[in-house]
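Step one of this worksheet: look at the structure below.
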Amino acid sequence: MKRMLVITTITFMILAKILKPEPENYPETGVVVEIHDDIVVVETSTGNLFEFYGSEDWFVGDIVSMIMDSCGTANVKDDVIITVKYSGVWEN
């Protein structure tokens, strides 16, 4: 009986992992390209645009390091910013 309970518990743990995978986080870097109202727009090296709130300390040209959540999909357009950090200024 104890063995059956362990096998059942392990099976449920595996199924839970398969049916609800953990979100995958990844680092992304971009440059602030626009600031309007309280929204900061960041462009990545691949041309994707992401936005976040809190424009008081940001300027166009600032480099932004972000931790992103892929939301478990391959489509980058639905990714969400988790954290944002200042990483310097882009100078040509």
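Among the residues making up the range 49-92, those that are surrounded by fewer than 14 Cβ atoms within 10 Å (Cβ to Cβ) and polar (S, T, N, Q) are 73, 75, 83, 92. In the set (1) over 18 Å from residue 91 (Cα atoms); (2) at pLDDT 60 or above; (3) surrounded by fewer than 13 Cβ atoms within 10 Å (Cβ to Cβ), residue 28 fails one condition alone, (3).
The values are calculated or read from the model by the stated rules, or taken from the named source; none is laboratory data. Everything numeric here is computed off the predicted structure, so don't read it as measured data. Using ideal geometry, Cβ is built from the backbone for each residue, glycine included, and neighbour counts are taken over all protein chains shown.
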